[in-house]
Structure formats: C-alpha cells, structure tokens
1. How many residues are farther than 22 Å from Gly229 by Cα and within 14 Å of the chain's Cα centre (by Cα) if we restrict to the stretch 79-111?
2. Failed condition for Ala40, given (1) in a helix (DSSP H, G or I); (2) more than 16 Å from the chain's Cα centre (by Cα); (3) farther than 11 Å from Phe11 by Cβ, with all others met?
3. Among (1) under 18 Å from Leu182 (Cβ atoms); (2) without any contact (Cβ under 8 Å) to a residue 60 or more places away in the chain, where does Gly143 come up short?
4. Filter the stretch 188-213 down to the residues that are away from the ligand (no atom under 16 Å from the Cβ) and in contact (Cβ under 8 Å) with a residue 60 or more places away in the chain, then identify the one that is nearest to Lys26 (Cα to Cα).
5. Report yes if some residue within the stretch 178-197 is among the basic types (Lys, Arg) and over 28 Å from Gly14 (Cα atoms); otherwise report no.
6. How many of the residues making up the stretch 164-213 are out of contact with any helix residue (DSSP H, G or I) (no Cβ under 8 Å at 6 or more places or on another chain) and outside any loop (DSSP other than H, G, I, E, B)?
7. When you scan the stretch 66-76, how many residues do you find that are in a loop (DSSP other than H, G, I, E, B) and either of a type in the set (Val, Ile, Thr) or more than 11 Å from the ligand (Cβ to nearest atom) (or both)?
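The values are calculated or read from the model by the stated rules, or taken from the named source; none is laboratory data. A quick note: this is a predicted structure, and the numbers were derived from the prediction, not measured. Virtual Cβ from ideal backbone geometry, glycine too; neighbours counted across all protein chains shown.
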Amino acid sequence: MTNHAGPIGVFDSGYGGLTVLKEFVKDFPEYDFIYLGDNARTPYGTRSFDVVYEYTLQAVKKLFDMGCPLVILACNTASAKALRNIQQLDLPRIAPDRRVLGVIRPSVEKVAEMTHTGHIGVLGTNGTVASESYPIELEKWSGGRVVSTVQEACPMWVPIVENNEIDTPGAEYFVQKNIANLLARDQKMDTIILGCTHYPLLIRQIKKFLPEGINILEQGKIVSESLKGYLDRHLEMNNRCSKKGTVIYYTTENVDIFEQKAGFFLGHNVSASQLHF
Ligand code: DGL
C-alpha cells in the first residue's frame, strides 16, 4: 500500500458510467481518471446481491492495483448492492487508506432539495429497485421532505443502451411502458430519479413520455458536484489524486467495440485497453 498520488477510478458495469465520467472530466480537467467498464459481464441489474458484490469488489481491487486512491462506483446497482459491504468490511482490511464512494447518497440529497410535493419516482434496474436502497436512503437523508417514493424497474433499458438500440421503435416502446407504469403509481410525483447511469442516454425518449412539470434528476452533474464537495472537505485525499489531465479507459470486453461505443457516448474518440480479472 502506497500513499503515492494516483488517478480517480470510475467504475460501471458497462457504458453507463461514462455519463458520470463525462461530467467529472468537465469539472476536473486537471485530474487523472481511469474508467473501467465491465462490459463482459454487463448487465449487473439482473444479478444477485452476492454476484454484484463479488464483481464490484474485483473491479475496485483492480483499480486499487492501478494506483487509484479513490474509486467512484458510477453504477447504481453496484452502489446499492456492494458499496456498504466494501466500505465496512473490505476497505478496513485491504486498503484502509483508500476510499470508495457511490452515486445513491448524492442523488438522494439533491432530490430532497428539488421536490415540492415530496413525492418521488425512481427508475432503475431490477437490482437497484429490489434493494430498496432509494426508498430507504430517501427516508433517512431527506430530512422529512420526501414523503412517498415509488419505483419502476426497467430491465430492458440497459441492454437497449449497451446494444446501441437507442433510436429505435423498440426503445420507445419500453420507455413509454415503464414511464406509464411509474406515473400510474403516484399522481403527486413531481421529481423522477434516473437511478441508473445508463438512462441519461435515453433522455430524449424519457422526456417525450413524461408530462411537463416533472423534474428529472440525472446523476452525472450531481455526482460531480458531490465529488467536488468531498475533495474540498478531504484535502489529504485531494492531494493524493494525481493531476495531469489524463483519462485512461479499460473494458473487460472487446476493445474495438468499446472504443466505438464509448466515442459515441462521449462525443469524441477514445482509445481503450482490455483488462481481465
Ligand atoms: N449503469 C448501471 C446502474 O447505474 C448498471 C446497469 C446494469 O449493469 O444493469 O445501475
């Protein structure tokens, strides 16, 4: 274990975390980042607690091996199912001087500020919805401002994004169906959390089927603001984040496909390397 400066690790099951990384790079251009997408094993949303925990821990260890002092789980499913165990059981044992943060808590704090009615809707993967992480955390951290949380699992959305089927009638069909299901559960809902980092890529379709007046919380910006606050409060960690403005990409799947799709999501070309666990 060293205290040398290193990049901030950003992990997701696939491409979704790029929506978070994009905001990090905008807000922290001088910092170094390593992005790791576990494309070979995506999606995580339909996997059990134990499997998501095992895969996420492997990824975190890899990012630690690559010198990251801080890892962000840019994945709600991993944040919901693995973060607590990693923070409480693994870090004290394997890397007491390093930190792993997730995306749920910053989203919950922000949504509590945004809502007027206190009625929230959450769209997420099967895993995130079944974990009840959002209702539990909203109850705990909203200071009483959130009075109702309804959820809808959207198991088809991640495969649609991962397979670049975003602009298709199939995508519209599933987005419309899941949004209608969510809306039917609570008439007073005024804010919806896109509780999966893949979902901003479907934002055009989502907006098309959501009535006016419902706020949408996209996580990239929120998580980036929250990272800023964290680094301001933890200067010793900030000093351990290296700052040469580099971004390195790893995928557990085919590099050519990753480069092509990641370039599409980020709006610029990237070059990636393959990594095996
Ligand atoms: N992007 C992820 C999330 O935020 C994971 C989706 C998946 O792998 O199912 O939940």
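1. Residues flagged as farther than 22 Å from Gly229 by Cα and within 14 Å of the chain's Cα centre (by Cα) within the stretch 79-111 amount to 2.
2. Only one criterion is unmet by Ala40, namely (1).
3. (1)
4. If we take residues in the stretch 188-213 being away from the ligand (no atom under 16 Å from the Cβ) and in contact (Cβ under 8 Å) with a residue 60 or more places away in the chain, then Thr191 is nearest to Lys26 (Cα to Cα).
5. yes
6. Adding up the residues that qualify gives 11.
7. Qualifying residue count, the stretch 66-76: 4.
Yes/no per residue for (1) assigned to a helix (DSSP H, G or I); (2) among the acidic types (Asp, Glu); (3) closer than 28 Å to Asn238 by Cα:
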| residue | (1), (2), (3) |
| --- | --- |
| Ala78 | yes, no, yes |
| Arg84 | yes, no, yes |
| Gln87 | yes, no, yes |
| Arg93 | yes, no, yes |
| His116 | no, no, no |
| Gly121 | no, no, no |
| Ile136 | yes, no, no |
| Glu139 | yes, yes, no |
